[in-house]
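The values are calculated or read from the model by the stated rules, or taken from the named source; none is laboratory data. Please read these numbers as outputs of a predicted model, since none were measured by experiment. For neighbour counting, all protein chains shown are included, and Cβ atoms are generated from backbone atoms with ideal geometry for every residue, glycine included. Side chains are part of the model used for accessible areas, which takes the heavy atoms of the whole protein and leaves out ligands, DNA and RNA. Shrake-Rupley method; radii C 1.70, N 1.55, O 1.52, S 1.80 Å.
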2 protein chains.
Amino acid sequence: MHSLVAKIGKIVRLSEQEQAFVQSLFSKRALDKGEFFLKEGQVCRHLGFVEQGLLRYYMIKDGEEITYSFAVEYDFISNYESFLPEQPSDKYIQALENCVVWQIEKTSLQRLYSEVREGDRFGRIAIEQVFVQLLNRLSSVYRDDPETRYLRFMEEHREIQQRVPQYIIASYVGVKPQSLSRIRKRMSQ
Amino acid sequence: MHSLVAKIGKIVRLSEQEQAFVQSLFSKRALDKGEFFLKEGQVCRHLGFVEQGLLRYYMIKDGEEITYSFAVEYDFISNYESFLPEQPSDKYIQALENCVVWQIEKTSLQRLYSEVREGDRFGRIAIEQVFVQLLNRLSSVYRDDPETRYLRFMEEHREIQQRVPQYIIASYVGVKPQSLSRIRKRMSQ
């Protein structure tokens, strides 16, 4: 849990008392490889912080899984379009490795915002970061061709490429697994 | 400018002094019909508040304009993916009517966040609202078929349907203008 307090402490100042308070608001959740932090149709009830492991965000379009983002150690995870308005999610968040996640419920997050001196500042800056990242990633899924998508993966997620199964990289790039190696070959020339 | 202070005052409490301070941070900008608040390739330098008029957000895909959102009176406008990281925009924001917009630069917005007592709270809540709306709209462009898109337009933008030219509604629905009336006819049966 130290990493969570450190992450928040990079964004805003936390007194020792506030650090303890923040810790008390989060609870630990273990996810096995393949398990879901969130499924389509569920209301996303938590904001998570990844202490350990790797997850992916995906959606289903025309029966195909479209992976559009990943989260690793020290990333926050949530489907805000579901979490904030308390609407059923149209996206999945799935563990690709055994994960340790610290999670906080919405009412507790509201307390963090209100009762920590710079809580709202933290909330604003954290959401700004996620916002820009997710908007860029969703736009890219819609607009970019497979070659560009593969370049984006290598740029944004190079450090996890050994940890992600090939068929999931293919679902990020937007091609069948067998086409991925052809793209790789073409790009490496 | 009263409407801007009223809008902020609905989200957080503002003292009279803070109201005056907020007003001093914004400047007025008139946009003629067809003019751009933001063009692709420009860095978005302002957050705007629409006092009067109607604008659309669009992007270009394969040479076609894809309208994905609208803004009317009392909405905030910005391309956050450009504004926050100060990167060139890949989207356009265009006036569809003569508009009056109050705009604020990033450094002034930072002052609003820091110097108004509930400034960060305002920033957090305002961005949460825009975030959810834009993520939903971008997902919809990618995933929904024209009939669903037309239903969304009628649900989310019914009050402006008389104000939006037909070819722009078509670019929102994702069809050629001549196909729009066919969809309309089919839906009305």
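With 32 Å as the limit, write out which pairs from A:176/B:61; B:61/B:185; A:39/B:39; A:7/A:39 have Cα-Cα distances beyond it, or answer none.
Over 32 Å apart, Cα to Cα: A:39/B:39.
Taking the Cα-to-Cβ direction at residue B:73 and at residue A:142 and moving 7 Å from each Cα, how far apart do the two end points lie in nm?
2.8 nm
Among A:157, A:25, A:3, which residue has its Cα positioned farthest towards the positive end of the charge dipole of the protein assembly as shown, with +1 placed on the Cβ of Lys and Arg, -1 on the Cβ of Asp and Glu, and the dipole taken about the Cα centre?
Final value for the positive-end residue is A:157.
Can you give the angle from 0 to 90° between the axis of helix B:2-11 and the longest principal axis of chain B, with both taken from C-alpha atoms, to the nearest 10?
For B:2-11 against chain B, the angle is about 90 degrees.
Measure off 7 Å from each Cα along the Cα-to-Cβ vector at residue B:17 and residue B:151, then give the distance between these two points in nanometres to one decimal.
5.3 nm
Check residue B:70: other-chain or 5+ apart residues with amide H under 5 Å from its amide H, H built from backbone geometry?
B:57
Report the Rg/Rh value for segment A:75-183, based on alpha-carbon coordinates and the Kirkwood definition of Rh.
When Rh is taken as the Kirkwood radius, the ratio is 1.03.
Treating only the Cβ of Lys, Arg, Asp and Glu as charged (+1, +1, -1, -1), what charge dipole size does the protein assembly as shown show about its Cα centre? Round to the nearest 20 debye.
600 debye
Can you compute 3J(HN,Hα) from phi for each residue in segment A:88-94, using the Karplus curve 6.51 cos²θ - 1.76 cosθ + 1.60 with θ = phi - 60°, rounded to whole Hz and x for Gly and Pro?
x, 6, 10, 10, 10, 10, 10
If you place +1 on the Cβ of every Lys and Arg, -1 on the Cβ of every Asp and Glu, and leave all else neutral, what size is the dipole of segment B:95-145 about its Cα centre, to the nearest 20 Debye?
Dipole size: approximately 180 debye.
Enter the accessible area per residue of segment A:126-181 (Å², integer; probe 1.4 Å; all protein chains in place).
Using a 1.4 Å probe on heavy atoms only, each residue of segment A:126-181 averages 45 Å².
Can you list the residues, at least 5 places off or on another chain, whose amide H is less than 5 Å from the amide H of residue B:77, using H built in the peptide plane?
The answer is B:48, B:49, B:50.
Express the Stokes-Einstein translational diffusion coefficient of segment B:1-56 in µm² s⁻¹, to the nearest whole number, given a Kirkwood radius over alpha-carbon pairs, 37 °C and a viscosity of 0.692 mPa s.
So the translational diffusion coefficient is about 249 µm²/s.
Magnitude of the Cβ-charge dipole of segment B:102-189, K/R +1 and D/E -1, about the Cα centre, nearest 20 debye?
Rounded to the nearest 20 debye, it is 440 debye.
I'd like the FRET efficiency for residue B:188 and residue A:110, computed as 1/(1 + (r/R0)^6) with the beta carbon distance as r and R0 of 45 Å, rounded to 0.05.
With a Förster radius of 45 Å, E is 0.55.
How big is D for segment B:144-189, in µm² s⁻¹ as a whole number, if Stokes-Einstein is applied with the Kirkwood radius of its Cα pairs at 4 °C and 1.567 mPa s?
Roughly 124 µm²/s, to the nearest whole number.
Evaluate E = 1/(1 + (r/R0)^6) for residue B:163 and residue B:10, where r is the Cβ-Cβ distance and R0 equals 30 Å; express this FRET efficiency to the nearest 0.05.
About 0.80, to the nearest 0.05.
Quick one: if the Förster radius is 30 Å, what FRET efficiency do residue B:129 and residue A:133 give, using the C-beta to C-beta distance and rounding to 0.05?
So the FRET efficiency works out to roughly 0.95.
If you average the C-alpha positions of segment A:103-138 and of segment B:125-189 separately, how far apart do those two centres end up, in angstrom?
29 Å
Binning at 10 angstrom from zero up to the longest distance, how are the C-alpha pair distances of segment A:42-119 distributed in percent?
Histogram of Cα-Cα distances, whole percents per bin: 19, 44, 30, 6, 1.
What are the ³J(HN,Hα) values, in whole Hz, obtained from phi via the Karplus relation 6.51 cos²θ - 1.76 cosθ + 1.60 with θ = phi - 60°, for each residue of segment B:34-49 in sequence order, with x given for Gly and Pro?
x, 6, 9, 6, 7, 10, 3, x, 7, 7, 6, 9, 9, 9, x, 10
Check residue A:37: other-chain or 5+ apart residues with amide H under 5 Å from its amide H, H built from backbone geometry?
A:93, A:94, A:95
Going from the alpha-carbon gyration tensor of the protein assembly as shown, what semi-axes, largest first and in whole Å, does one get by taking the root of 5 times each eigenvalue?
Semi-axes (√(5λ), whole Å): 33, 31, 18.
Please list, in order along segment A:121-136, the HN-Hα scalar couplings obtained from phi with the Karplus expression 6.51 cos²θ - 1.76 cosθ + 1.60 (θ = phi - 60°), rounded to whole Hz, x for Gly and Pro.
Per residue, the Karplus-derived 3J(HN,Hα) values read 4, 4, x, 5, 5, 4, 6, 4, 5, 5, 4, 4, 4, 5, 4, 4 Hz.
For chain B, what class follows from the C-alpha gyration tensor (a ≥ b ≥ c being the square roots of its eigenvalues): rounded when a/c is under 1.5, otherwise prolate if a/b is larger than b/c, else oblate?
prolate
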